[in-house]
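The values are calculated or read from the model by the stated rules, or taken from the named source; none is laboratory data. These numbers were taken from a predicted model, which means no experiment stands behind them. Positions of Cβ are backbone-derived with ideal geometry, glycine not excepted, and every protein chain shown enters the neighbour counts. The protein model used for the area step is the full one, side chains on, heavy atoms only, and it has no ligands, DNA or RNA in it. Shrake-Rupley method; radii C 1.70, N 1.55, O 1.52, S 1.80 Å.
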Amino acid sequence: MAFVVRVMATGVFDLLHPGHVYFLREARALGDELWVVVARDSTARKFKHEPIMSEAARFQMVEALKPVDRAVLGHEGNIYDILDEIRPDIIAIGYDQVHSEERILAECRKRGLATKVLRLPKFEGDLVGTRKIVRKVAEWLALQERLDKVERGTARRAADSPTRRRKRNA
């Protein structure tokens, strides 16, 4: 029987972007199977932000990604309890994840796991974070509102022009 190297990656995966795809591809390259733990809504609120997409939607999106062999929803409460179920050989963490490698290693040792923890490098690119995407969308919406006001003002001025008034009164 061949030994299978199981890699585990975790995240919120709210508004999927190229940084997520990079992270999962890099994690998948570390072993034979990639198990991805999608954070519960309550965990996302605790460690990052109020999720835009529900945990069910985020799970469905991650599960469909090519590098992912298996996706699971994380545990509520103690986020480390999932280690007992997955029993990973390697845990890949993103460059910006708040998790401490030492804390993860200690939790693995407590469970009798000889897991390695690897922090992956940063992906350089545009719109590689949920907050960046949200900011860009907010800027776009603000621009659209300004354009609408200008266009409404132009239309109003055209409707009130002397030429339009003469035609209406004729």
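Only DSSP H runs of four or more residues enter the estimate; each adds -39500 (n - 2.57), and after division by the residues of the chain the mean residue ellipticity at 222 nm equals -14500 deg cm²/dmol. Close amide H contacts of Ile93 (hydrogens built in the peptide plane, cut-off under 5 Å, sequence separation of 5 or more or a different chain): Leu118, Arg119, Leu120.
Of the accessible area of region 1-159, computed with a 1.4 Å probe over protein heavy atoms only, carbon and sulfur atoms account for 56 percent. Here the dipole of the chain is about 1540 debye; that uses its Cα centre as origin and unit charges on the Cβ of Lys and Arg (positive) and Asp and Glu (negative).
The base-10 log of I(q)/I(0) for region 63-124, evaluated at q = 0.13, 0.19, 0.28 Å⁻¹, reads -0.39, -0.83, -1.35 [Debye formula, identical scatterers on Cα atoms, solvent excluded].
For the peptides 45-54, 74-83, 134-143, 9-18, residues were scored by their other Cβ atoms within 10 Å and the scores averaged per peptide; the highest-first order is 9-18, 74-83, 45-54, 134-143. Nearest 5 percent is fine: what portion of the DSSP beta bridges confined to the chain is antiparallel? The antiparallel proportion sits near 0 percent. In this calculation the C-beta distance from Ala29 to Glu139 is compared with R0 = 41 Å, giving a FRET efficiency of 0.75. Per-residue Karplus couplings for region 23-34, computed as 6.51 cos²θ - 1.76 cosθ + 1.60 with θ equal to phi - 60°, are listed in order as 4, 6, 5, 5, 5, 4, 5, 7, x, 9, 10, 10 Hz, Gly and Pro entered as x.
According to the Kirkwood relation over distinct C-alpha pairs, the hydrodynamic radius of region 12-138 is 15.2 Å.
Protein heavy-atom accessible surface, 1.4 Å probe, per residue over the chain: 63 Å². Placing unit charges on the Cβ atoms of the charged side chains and taking the dipole of the chain about its Cα centre, the candidate lying farthest along the positive direction among Gly153, Met61, Ala114 is Gly153.
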